[in-house]
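The values are calculated or read from the model by the stated rules, or taken from the named source; none is laboratory data. Computed from a predicted structure; not experimentally measured. Every residue, glycine among them, receives a Cβ derived from its backbone with ideal geometry; neighbour counts consider all protein chains shown.
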Amino acid sequence: MSAYRIRRITQWLHILWAGALLCGVFPIAVQGAAEAAPQPITATARLVTISKVPDPKTSIYSDCVMMNKATVIEGFETVPEDIIIACWGFQDRKPKGGASCKAGDYLALQLIPWEQVDPAIKRIQQADDLDDLDLKVYWAHSVAVLTGELREKAVKREQSLPARTLKTPATAPDHAPLPATTLPPGAEKARRLRAAAMQADKARIAAALQRNGGTWEEWAKRLEPFRADIRQQLQASTSEWKVLVHGKQMLGSPVNFRATGLGSQMFNLEEIIRFNTELRARGIDWVLLPVPIKSAFTSVFFSEKAPKDRIVAPNMYWLYQQLLEHDIEALDLLPAFHAAADDSPETPYIYNFNRDHHWSSGGRMAAARALAERLSRYDFTRQYPLDALAVQTVMSRRDEDAGSYLKGKAYPVFQVVRKEGGNLPPGRFTTDGAVVDSPILLAGDSMLGEQAAGMPGTSFADYLALATGVHLAYLHPGPPGFRVRFRETLTRNDQLKLLEGRRVFVWVFFLDIEYL
């Protein structure tokens, strides 16, 4: 057995053991595990607010952790106390106990402080609708809804507690704009080039809208012949998985995108505008890097009725227009993806070929080069000379492909290496809080963390370092949840301080857009 396979099996066993232990499949007192496992806290609490969990049958993720607000009435040193309870919403697409609870329920809980939970649990997609960012988070090792006499006892217990002094709601700190004299050299040039690039993006979207009927609704209507053709092909598919396959492209879902509006991520434009204003006051330019849903790219390869401009999801461009109108830079990656698409065997895929929605090596490299072109306006000092790094094509496998179309096969991946030998130093923040000195901070969801089978030199951060010559600081703060909440994610993870001293903040995330 190869060293790679042994390493991956070990990683999965670790995750499975952690999940089983935290879900109560194995008792905490199992011989040999008692010393390593954190001791849970026994508590009674009343649920206050429930986060909405996506439909497990249609979610792009097979697992979901939900964040709920509760008031602890027994078991803590000081009661009552408001906390956040993290628990399973669904696992392997099967609803778990947390999803059946409702506000007002009284619960018997076994709680583990969130900071002591295995990192594998923290990386699972989260349903989090809560605004209480100053509350302590606990993992629910076990959850039981109290009924009958036990519930009555809990109600009386809460009624007997002393009244609480209400806390003043936490507010975002005010950040005065940086004095003009402290702005780095070239700041005015960067400002002008940024404005020019965003104006060009606005003009391109306006031209596309006019070309396709002048309204978003008319644009969507004109796509119906193409959509109908895709639906018919999927219905007639004879493949085992009911998908369409053409060269390096795979399509497993229809393309009935809305004219406007988004999906389960529920962008809150007001929140985004406020955070952008705060960043601008700090002298930081914010660049959003949304990775389009795979079918928005691959579907045009399967129908002669595909639009000539290859835009099949108008609501993506509706979103970009909304952001640009509020001085928020969002980079459209589809043109870069189409320019990089190539059927030759030695060229990496843009997206993972199988059902997984993540981008592959070709998509990450195309995005890195497109972003680097934008970032060239800052004239950052190259920390890696042009002749210090090289990119090579290697063959790799993905675990997700084990039961899919590329089973047993390897496919090409770009790998960044030092010409003198070795890989780039890690730019990710360590658990002890060490800060990487860099003008660019990257953050994001699993798209940012994606790499080829754990192979060094194959992540988006590696590709961007190659394209810019800048050693990058980046963090993967855990999934932002099915709502994209940028500042809230950093606040809950106590990572706002990592913005200090940055010139550019790039957020990489999967763009989940809504179907009709």
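Does any residue in the stretch 106-135 that is basic (Lys, Arg) come within less than 9 Å, Cβ to Cβ, of a residue that is part of a loop (DSSP other than H, G, I, E, B) six or more places away or on a different chain, and which pairs are these?
Note: pairs meeting the criteria are LYS122/GLY478; LYS122/PRO479; ARG123/HIS476; ARG123/GLY478; ARG123/PRO479.
Can you find a residue in the stretch 486-509 that is closer than 28 Å to TRP318 by Cα, at pLDDT below 85, touching a Ser or Thr at 6+ places or on another chain (Cβ under 8 Å) and not assigned by TED's automatic domain parsing to the domain that holds MET66?
No, the stretch 486-509 contains no residue that is closer than 28 Å to TRP318 by Cα, at pLDDT below 85, touching a Ser or Thr at 6+ places or on another chain (Cβ under 8 Å) and not assigned by TED's automatic domain parsing to the domain that holds MET66.
Could you say whether any residue in the stretch 385-402 is among the hydroxyl-bearing types (Ser, Thr, Tyr) and at pLDDT below 85?
Taking the stretch 385-402 and keeping what is among the hydroxyl-bearing types (Ser, Thr, Tyr), we get 393, 396.
Add one more test, that the residue is at pLDDT below 85, and what stays is 396.
Among the residues of the stretch 385-402, at least one is among the hydroxyl-bearing types (Ser, Thr, Tyr) and at pLDDT below 85, which makes the answer yes.
What strands (runs of 3 or more DSSP E) completely inside the stretch 243-314 contain at least 2 residues that are touching a helix residue (DSSP H, G or I) at 6+ places or on another chain (Cβ under 8 Å), crowded, with 19+ Cβ neighbours inside 10 Å and in the same structural domain as ALA339 (by TED's automatic domain parsing)? Quick ask: steps written out before the conclusion?
Numbers: elements: 244-246, 249-251, 285-292.
By residue number, 249-251, 285-292.
Considering only the stretch 22-31, I want to know if a residue exists there that is part of a helix (DSSP H, G or I), at pLDDT below 90 and not assigned by TED's automatic domain parsing to the domain that holds SER446.
Checking the stretch 22-31: at least one residue is part of a helix (DSSP H, G or I), at pLDDT below 90 and not assigned by TED's automatic domain parsing to the domain that holds SER446.
Go through (1) at positive phi; (2) at pLDDT 90 or above; (3) surrounded by fewer than 19 Cβ atoms within 10 Å (Cβ to Cβ) one by one and return the number of the condition GLY457 breaks.
(3)
Looking at THR78, is it closer than 28 Å to MET447 by Cβ, free of Cβ contacts under 8 Å to residues at least 24 places away in the same chain and assigned by TED's automatic domain parsing to the domain that holds GLN125?
Considered against the rule, which asks whether it is closer than 28 Å to MET447 by Cβ, free of Cβ contacts under 8 Å to residues at least 24 places away in the same chain and assigned by TED's automatic domain parsing to the domain that holds GLN125, THR78 comes out as no.
Pick from ASP128, ASP105, ASP134: which is of a type outside the set (Val, Ile, Thr), out of contact with any Gly (no Cβ under 8 Å at 6 or more places or on another chain) and crowded, with 16+ Cβ neighbours inside 10 Å? Spell out the reasoning first.
Working: ASP128 fails: out of contact with any Gly (no Cβ under 8 Å at 6 or more places or on another chain); ASP134 fails: crowded, with 16+ Cβ neighbours inside 10 Å.
Residue meeting the stated conditions: ASP105.
Scanning the stretch 320-355 for residues that are touching a residue at least 60 places away in the same chain (Cβ under 8 Å) and assigned to a helix (DSSP H, G or I), which turns out surrounded by the fewest Cβ atoms within 10 Å (Cβ to Cβ)?
Out of the qualifying residues, it is GLU325.
Out of all the residues in the stretch 108-120, is one or more surrounded by fewer than 18 Cβ atoms within 10 Å (Cβ to Cβ) and in a loop (DSSP other than H, G, I, E, B)?
No - not one qualifying residue is present in the stretch 108-120.
Is there a residue in the stretch 357-364 that is in the same structural domain as ASN268 (by TED's automatic domain parsing), modelled with pLDDT under 85 and not acidic (Asp, Glu)?
Scanning the stretch 357-364 turns up at least one residue that is in the same structural domain as ASN268 (by TED's automatic domain parsing), modelled with pLDDT under 85 and not acidic (Asp, Glu).
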